[in-house]
Each structure stands twice: as C-alpha cells, then as structure tokens.
1. Just to verify a result, which residue in region 195-225, among those that are touching a residue at least 40 places away in the same chain (Cβ under 8 Å) and assigned to a loop (DSSP other than H, G, I, E, B), is most open to solvent (accessible area, probe 1.4 Å)?
2. Find all pairs meeting these conditions: Cβ atoms under 7 angstrom apart; at least six residues apart or on different chains; first residue within region 59-77 and farther than 19 Å from PRO292 by Cβ; second residue hydrophobic (A, V, I, L, M, F, W, C) and outside any helix (DSSP H, G or I).
3. Filter region 111-135 down to the residues that are without any contact (Cβ under 8 Å) to a residue 60 or more places away in the chain and aliphatic (A, V, I, L, M), then identify the one that is most open to solvent (accessible area, probe 1.4 Å).
4. Please find, among ASP366, ASP317, ASP332, the residue that is over 19 Å from GLU301 (Cα atoms), open to solvent by 20 Å² or more (accessible area, probe 1.4 Å) and either in contact with a Pro (Cβ under 9 Å, 6 or more places away or on another chain) or modelled with pLDDT of 95 or more (or both).
5. Check ARG337, ARG302 and return the single one that is in a strand (DSSP E or B), open to solvent by 10 Å² or more (accessible area, probe 1.4 Å), out of contact with any Asp or Glu (no Cβ under 7 Å at 6 or more places or on another chain) and not polar (S, T, N, Q).
6. Specify which of the listed residues (LEU105, LEU53) is assigned to a loop (DSSP other than H, G, I, E, B), open to solvent by less than 10 Å² (accessible area, probe 1.4 Å) and at pLDDT 95 or above.
7. Checking ASP150 against (1) assigned to a helix (DSSP H, G or I); (2) open to solvent by less than 20 Å² (accessible area, probe 1.4 Å); (3) modelled with pLDDT under 95, which single condition isn't satisfied?
8. Could you list, in sequence order, all residues of region 3-51 that are of a type in the set (D, E, K, R) and either under 20 Å from the mean Cα position of the chain (by Cα) or within 19 Å of ALA275 (Cβ to Cβ) (or both)?
Amino acid sequence: MDHLDRISMAEARRIALGAQGFGAARSANPTSASLRRVLDRVQLHQIDSVNVLARAHYLPAFSRLGAYDRDLLDRLAWGPKRQRKLFEYWAHEASLVPFEVQPLLRWRMAQADRGEAGWTSMRRFAREHRAEAMAVLQRIREEGPLSVSDFEAHKGRPGWWEWSGTKRALEWLFWAGHLTTATRRGNFQRVYDLPERVLPASVLDQPTPSEADAHRALIERAARAHGIATDRELRDYFRQPPGPAQEAISSLAEDGVLLPVSVPGWRHAWLHRGARRPRRINATALLAPFDPLVWERDRAERLFGFRYRIEIYVPADKRQYGYYVLPFLFGDNLVARVDLKADRPNTRLLVQSVHFEEDAPDESRDALSGELEKMAAWLGLDEVSFAPGRA
C-alpha cells in the first residue's frame with residue numbers, strides 16, 4: 001500500500017462532501033440552473049411516500065441550495081414535455097433520474113421484461129400473466145394516462161383480477177420499461193403512460209449500450225457523485241449486481257478514471273480522477289434520511305463516525321431518536337439528529353427532539369436554529385416550535 005496516495009479520514013470526508021455539492025455559498029435566489037447543477041452532481045433524487053416533513057425528493061436540493069422553489073423540481077420531473085429533464089425509475093430505489101441515464105438502465109428494464117428483476121410478486125407477469133398485463137398496457141395506449149385508482153371500477157368484474165393484481169401488473173410494466181410516470185396526482189399517486197408520450201424522442205432514440213458499457217457508465221457516475229468510495233459503495237449507488245459492477249470498476253481503474261488510494265480504516269478506496277480535494281468545507285444542512293450523502297449507513301458511519309438508522313418502522317416505544325430524524329451537517333461533520341414534523345394545521349415546524357453528538361461545537365446549536373428557521377419558511381410554516389420536554 002506504500003505506493004498509494006494516502007488520504008486522511010478528514011480529507012476523505014471533505015472530498016465526499018465536495019462531490020455531493022456541499023460547501024459552496026448558497027444563492028439568495030436559486031434558479032432552475034442551480035437545481036440542475038445539483039442533479040448533475042448527485043445523479044438522482046430518491047422518492048419516498050412519507051410526507052411527515054416534506055416529500056423526500058425535495059429535500060436534497062434544499063440541503064445544498066437552501067430555499068429553492070419546489071415548482072422548479074416539479075417541472076423538471078412532471079411538467080410539460082418540453083420542460084422535463086427527469087424521469088422516474090428504479091435507480092437506487094424509486095428515483096428521479098436525468099434523461100441521459102435512461103439508456104444506461106435499459107438492461108434492468110430488459111431483465112424485468114424477462115422476469116429476472118423486480119419484486120417476486122411482479123415477476124409472474126413476465127410469463128404466466130403477460131396477457132393480462134398487456135391488456136392493462138393496451139387500455140393505457142387507447143385511453144391515455146391512468147392511475148391504479150382508474151382501474152378500480154373493474155374490481156370484481158368477471159374475468160378481471162383484483163385491484164392489487166392490477167397494481168402489480170402496472171408496476172411490472174413500469175419496471176420493464178413499457179410504462180413510465182406521466183405525472184403525480186393528489187396524494188402523490190403515480191399516473192402511468194407510454195414512454196413515447198412522456199419522454200423525448202431524443203432520449204428514446206438513443207442506441208442501447210451493451211450491458212458492460214452501461215455498467216461502466218453507471219459506476220463512473222457513481223464515482224463522480226461519491227468523490228471517494230469503496231467497491232460496495234460504487235455499485236450500491238445504482239444498485240448494480242456485484243459481478244458486472246466489479247468488471248466496470250476494474251475497467252475504469254485500468255483507464256485511470258478510478259485511482260486507488262489509501263484511507264485509514266478502509267480496506268480499499270477509489271478516488272475519481274476529477275474529484276475536488278477541498279481544504280475546508282463550511283456547510284450547514286439538514287439531511288433527509290434518503291439523502292445520497294447518508295443513505296448508505298455504513299459509509300456515513302465510516303466517514304463521519306455517525307451511526308444512523310431510520311426508525312420509521314420501529315415501534316414508537318422502541319425508537320431511540322424519533323420517527324423522521326434528519327442528521328445535521330455543520331462544517332464538515334454530522335453533529336446532531338433532529339426529529340422533525342411539519343405541523344401543517346398549525347403552520348409550524350415541530351421539533352420533536354434534538355440530540356447533539358458529544359463533540360458537537362457550541363456554535364452548531366445556533367447554526368441549527370438558523371437552519372430550522374430557513375426550513376420552516378421554505379415549507380410555508382410560520383414558526384419553529386419545540387415539543388414540550390423534547391428539545
């Protein structure tokens with residue numbers, strides 16, 4: 001290992017933060033171009049149904065830009081066709097992904113079409129129930145965009161299967177690339193449509209790369225988003241299988257795109273050749289549980305010494321920190337955990353608990369207060385309120 005570039009843990013942390021877009025001064029008025037730069041850096045925004053604070057896909061951009069207009073993201077994701085730059089697909093998990101990544105994920109669509117990818121309950125539609133799924137597809141082709149609830153009228157009709165079966169058929173068609181998301185309706189319900197009616201021809205007409213080339217391109221994007229990472233972290237970003245991902249990593253290393261480096265406590269590490277190596281990072285940000293900086297929990301613990309688990313599915317009396325807990329980034333470290341809820345009826349941001357790390361600097365408390373005020377204003381809430389006895 002003596003021949004490898006040695007990178008301290010503090011430097012690795014700064015490289016990771018810089019790659020994720022932290023440390024730059026925030027604009028007072030973030031624009032669509034600002035938002036697209038964030039998306040270019042992080043590659044995807046994970047989607048999650050929990051709305052106790054704000055939908056998960058809105059939060060990473062707030063963490064990096066501050067109070068941006070959420071309508072900007074809505075237009076990029078679900079706006080008029082000429083304004084769209086993002087599409088929904090299974091990338092990390094369900095995610096908003098830039099158009100240029102679509103050809104790189106067609107191998108996954110092809111696997112789903114063959115019944116080799118996706119949830120087990122959906123895979124049977126690739127074979128045993130393909131005709132029924134194609135009937136669902138045909139209805140959308142003839143009638144236009146439809147949601148699961150639009151099929152509800154058929155529930156119980158002879159010859160039709162249950163609503164839950166329709167949902168699984170639609171999700172298989174989505175995984176397999178036969179359908180995509182036209183828009184989101186009401187309570188964030190997905191509305192499905194044909195890709196050719198949603199995505200530009202310039203995207204769909206791009207040639208499909210070989211699986212090897214697609215995996216290589218995805219690993220390279222993951223490496224840029226990480227700055228510095230292990231093999232496992234690189235392949236986890238787009239949830240790539242170990243074999244093809246490892247071949248892609250080896251290929252990129254041979255070409256000098258990935259540089260082997262030594263980091264204390266890491267078995268191995270790769271530095272992207274274009275990664276910035278900041279001398280300082282001065283960031284202040286609340287991070288969603290699904291933020292790419294912390295979604296790989298082992299990486300968060302390795303980089304920041306911060307053991308983080310989401311406790312949404314933990315019974316209330318067994319939770320250690322709270323229901324929807326956001327790590328707080330101050331400087332170049334994670335210094336606190338904040339359990340937040342948007343109390344919309346009372347127009348307040350409810351702070352249900354705050355737990356600072358033992359080594360959190362004193363000034364981080366005022367910084368957190370300021371960030372909570374900014375978040376409340378961004379969400380259209382009038383005040384920040386601390387739950388009695390919980391602060």
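The values are calculated or read from the model by the stated rules, or taken from the named source; none is laboratory data. Source: prediction; values computed, not measured. Please note: Cβ atoms are built from the backbone with ideal geometry, for glycine as well, and neighbour counts cover all protein chains shown. Ligands, DNA and RNA are stripped out before the accessible areas are found, and what is left, the full protein with its side chains, is counted by its heavy atoms. Shrake-Rupley method; radii C 1.70, N 1.55, O 1.52, S 1.80 Å.
1. Top of the filtered list is PRO207.
2. Close Cβ pairs satisfying both conditions: none exist.
3. ALA131
4. ASP366
5. The conditions single out ARG337.
6. LEU53 is the lone residue from the list that is assigned to a loop (DSSP other than H, G, I, E, B), open to solvent by less than 10 Å² (accessible area, probe 1.4 Å) and at pLDDT 95 or above.
7. Going through the list (1) assigned to a helix (DSSP H, G or I); (2) open to solvent by less than 20 Å² (accessible area, probe 1.4 Å); (3) modelled with pLDDT under 95, ASP150 breaks only (2).
8. ASP5, ARG6, GLU11, ARG13, ARG14, ARG36, ARG37, ASP40, ARG41, ASP48
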